[in-house]
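Novice: Before we start, here is the structure in question, set down as structure tokens.
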Amino acid sequence: MKRSYFSHETAIIHKTAKVGKGTKIWHFSHIMQEAQLGDRCNLGQNVVISPKVQIGNGVKIQNNVSVYTGVICEDNVFLGPSMVFTNVINPRSFIVRKEEFKATYIEKGATIGANATIICGNRIGKYAMVGAGAVITKPVKPYALVVGNPAKQIGWVSKAGHRLEFDVGNIAICKESNETYSLKDEILTIL
């Protein structure tokens, strides 16, 4: 039976993992048991997908990223090179805390920059942009632009990932898509 996805000869894919059509898995990556990868994903070199992780369609995971049990990524998420997920708040090598894994949820279209760290138990909102090197210690709103350690929101971005500049009526237009956005009570909506 012909596979509907590509995997480099050095990749390891557990027999119970599910890999979607058109997905590409590159050098030295490891997809563990019961992991689910959607269609048209691209996993760079040295990516680890832990047991039962759920990855949506069109997700791009750059080199040297480990996606641990408890992480869910919706469609079109971008995980930058060497970004880090955690799954236990207080890990100790001599105490097994697998029952204490905290879920981390990355919503549709969100981007996490290179070398960012996502502390477990947080939710990254749809189309949010997490800057390179940021440390996420609390939930991130949809379309929010966050940077720093600990990460703080410094603005808003469009679906296309451009920083939004608001007029006096709290209206902004994306310079690429021309979509119009409204900001009211710290909630961004597309008009």
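Novice: What distance in nm separates the simple spin-label points at K152 and V84, each placed 7 Å from Cα in the Cβ direction?
Specialist: 2.2 nm
Novice: Might you report the magnitude of the Cβ-based charge dipole of the range 6-159 about its Cα centre, with Lys and Arg at +1 and Asp and Glu at -1, to the nearest 20 debye?
Specialist: The dipole of the range 6-159 has a size of about 240 debye.
Novice: While we're on this one: Would you mind checking the range 106-125 for residues with the amide N under 12 Å from a putative spin-label position 7 Å along Cα→C-beta of E176?
Specialist: Residues passing the 12 Å test: 111.
Novice: Among N42, S93, G131, which residue has its Cα furthest toward the positive end of the charge dipole of the chain, with +1 on Lys/Arg Cβ and -1 on Asp/Glu Cβ?
Specialist: The Cα lying farthest towards the positive end belongs to S93.
Novice: Right, next: What FRET efficiency comes out for F6 versus N115 if R0 is 45 angstrom and r is the Cβ-Cβ distance? Round to the nearest 0.05.
Specialist: 0.95
Novice: Moving on to the next point. Test of understanding: what is the full-extension gain from D167 to K18, defined as 0.36 nm times their sequence separation minus their Cα-Cα distance?
Specialist: Going from the current span to full extension adds 49.0 nm.
Novice: Below 13 angstrom from the Cβ of I49, what's the summed charge of the other residues (Lys, Arg +1; Asp, Glu -1)?
Specialist: +1
Novice: Moving on. Among residues other than N122 whose Cβ falls under 13 Å from its Cβ, what is the net charge (Lys/Arg +1, Asp/Glu -1)?
Specialist: +3
Read-outs: derived from the displayed coordinates by stated rules, not from any lab. A quick note: this is a predicted structure, and the numbers were derived from the prediction, not measured. Every residue, glycine among them, receives a Cβ derived from its backbone with ideal geometry; neighbour counts consider all protein chains shown.
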